[in-house]
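The values are calculated or read from the model by the stated rules, or taken from the named source; none is laboratory data. Not measured: the values here are computed from a predicted model. Here the Cβ is made from the backbone with ideal geometry for all residues, glycine too, and neighbour counts use every protein chain on show. Surface accessibility is based on the protein's heavy atoms, side chains included, excluding ligands, DNA and RNA. Shrake-Rupley method; radii C 1.70, N 1.55, O 1.52, S 1.80 Å.
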Amino acid sequence: MLKFIALDFSKFRFAILLSGIFLMAGCATQTQQIKMNQSKDQFKNGDMQSTAATIQSVFKDKNTLYYMELGEVQRLQGPSQIPNSTQNLLAADQLVGQWEISTSDKLKRSFSDISSYVLSEGFSSTYDPKPYEVSMLSQTIALNHIAQGHWNDAMVEAKKMAQREKVIEELIARQVAAVSKVEQDQQNNHTTRGSTSRIQNIQGYPVDLLDDEETRNLKNSYQNPGAYYLSGFIHESQGEASLAAPGYRLAIELRPNVNFFKTSIAKLDSNIANQSKKSFADTLLIVDTGYIPKISSQKLSQSFGFGGGSRLVTLTLPVIEKSTDHYTPSFVQLGDRTANLELVANIDSMARKNLKDEMPAYVLRATSRALVSLAAQYMADQTAQQAARRNNQNNQNSGGAAIVGAIAAMITGYGLQSINVADVRHWSTLPAQTYMARMGLPIGPTSLKFTLPSGVTQNQTVNLVGGYNVVYIRMFKNRAVVLTSNDPAALPPKPLVSPPTALATPPAPAVAPVAMPVSENPATTPTPASSNMEGLKPEESPSFLNSLQQLFN
């Protein structure tokens, strides 16, 4: 029987190898996001130290997502961590810049190349940012610059948003066209004729999570009204009326019901003309609440007609969780004035809109792979039957050939099907909603009071200067982080200057400083307590053998 074992495996070697490679890549990214999702309660409770430790533990590769997650958590540790946060967010921004160049290059290629790009799995150590994450990155970096008193740098970030949105808009348009063209091609192929791009055709998928009223009303998944308004406010503070006006107008276009958006554009020219005469603190209050919903993989059984019968195949698709942690700020007071906060951005809905836009490619890829896997199993099974018949005619033992054929069919079909793994990575430390209000307040120390989701009222003093101010509040269940513009505590510590010595000594040769990753510098990054690290182990890449074993579990 041994002479039959080598009969057909050479035909399936590539499928086995390819499935192993994608399994290892897919398992690594899934494990990373699963651990981040599991640590969400730490973040919701405002435990930034433990959250930072989790990020540093689960990320093997310091990619765009790593720097965004860590940079966000560091800024929420308070003003003293803003310099470290800015450094990590700028590292993410640099990688997004590379993604922008790479994506622009892809858009210049042939349509077939775009189709291949759209239908590729996308598993790698790199991370392509989601459209709404790009705008949130620019907004977050701008707020960090404002906290450090660098309003000019914040204006640079505001300009980036419009530039990158052009690339995102073109990419989405090409993706939609590519999915439509590939689906048409698949329908003309007898093997993949049953494939589809419609999520409504997948039995058991929770379509309602992508189709709520707020999500339906969004124009797209990447234009953030709050970020546009902040851009206008920054430009106005620098006396740039021609740059501030477009930001305000776009904010109004996307969120026409926000009253102070309209007031800001109406008073823009007079505000800039009278900037030198302002005797009050023109203050933009920003309040972030809630938590971006988790995205996880879900396996669904789908029936396909094939070979004269009906067969069940398992599809793996990304699913976004139901919203449960929204909180509308009920009370925020500066001095003796209560803020009239208005909802300016629903990041939760932007994430749902983004996944809804991506689902046609996910579904088309999953269903096409399912049909190809069925075809591969069918072909391998037919080959095994032919070998068995030949062996039977030669009076040889056909049992061995049948067993080998069955194994080959199973490995080939399941190997191709195993490539279908959803990449569910996302920026998990973002808020769900952003509220804003603009107020004219007295200059100087001002009492800030607000009620947390737990019902507790928090009180602290913020210092408002003449001209323009930003007060940022990130609310958690039982605590909040407050960041203000021009905060001395957010500035990098000044280097210590040694007193001059009596004896002159020749200067030491200049040595270029060695850059250290912020996350690994014990002098700048808090070291979590050992109790916070319990249960966190370095992620281990699955062996090829383990990957194959998972196929049959």
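General observations
- Relative to the current alpha-carbon distance between residue 300 and residue 101, full extension at 0.36 nm per residue lengthens the span by 68.0 nm.
- Nearest-10 value in Å² for the accessible area of residue 358, using the 1.4 Å probe: 60
- Residue 266 paired with residue 389, simple spin-label distance in nm, labels 7 Å along Cα-to-beta-carbon: 8.4
- Full extension of the chain between residue 328 and residue 152 yields a length gain of 60.2 nm, computed as 0.36 nm times the residue separation minus the alpha carbon distance.
- Accessible surface comparison of 368, 323, probe 1.4 Å, protein chains only, largest first: the order is 323, 368.
- Among residues other than residue 250 with Cβ under 15 Å from its Cβ, the summed charge is +4 (Lys and Arg +1, Asp and Glu -1).
- Here the spin labels are modelled as points 7 Å beyond Cα on the Cα-Cβ line, and at residue 219 and residue 310 they lie 4.5 nm apart.
- 3J(HN,Hα) couplings calculated from phi for the stretch 82-97 with the Karplus curve 6.51 cos²θ - 1.76 cosθ + 1.60 (θ = phi - 60°) are, in sequence order, 4, x, 5, 4, 4, 4, 6, 5, 5, 5, 4, 4, 5, 5, 5, x Hz; Gly and Pro show x.
- Probe 1.4 Å, all protein chains present, accessible-area order of 269, 325, largest first: 269, 325
- Kirkwood hydrodynamic radius of the stretch 220-282, Cα pairs, Å: 11.8
- Label point 7 Å beyond Cα of residue 447 along Cβ direction - residues of the stretch 300-341 with amide nitrogen under 15 Å: 332-339
- Amide proton proximity set for residue 339, modelled H, under 5 Å, gap of 5+: 332, 333, 334
- Length gained when the stretch residue 460-residue 479 is fully extended (0.36 nm per residue, less Cα-Cα span): 5.6 nm
- Residue 378 accessible area, 1.4 Å probe, all protein chains in place, Å² to nearest 10: 90
- The convex hull around the C-alpha trace of the stretch 189-256, projected and averaged over every direction, spans 7.5 square nanometres.
- The residues packed around residue 467, meaning those with a beta-carbon under 12 Å from its beta-carbon, carry a net charge of 0 if Lys and Arg are +1 and Asp and Glu are -1.
- Probe 1.4 Å - accessible area at residue 253, Å² to nearest ten: 110
- Oblate is the label for the stretch 152-214, because the ratio a/c of its alpha-carbon gyration tensor axes (a ≥ b ≥ c) is 1.5 or higher and a/b is not greater than b/c.
- In the stretch 197-313, taking the dipole from charged Cβ atoms about the Cα centre, the farthest positive-side position among 310, 232, 292 is held by 310.
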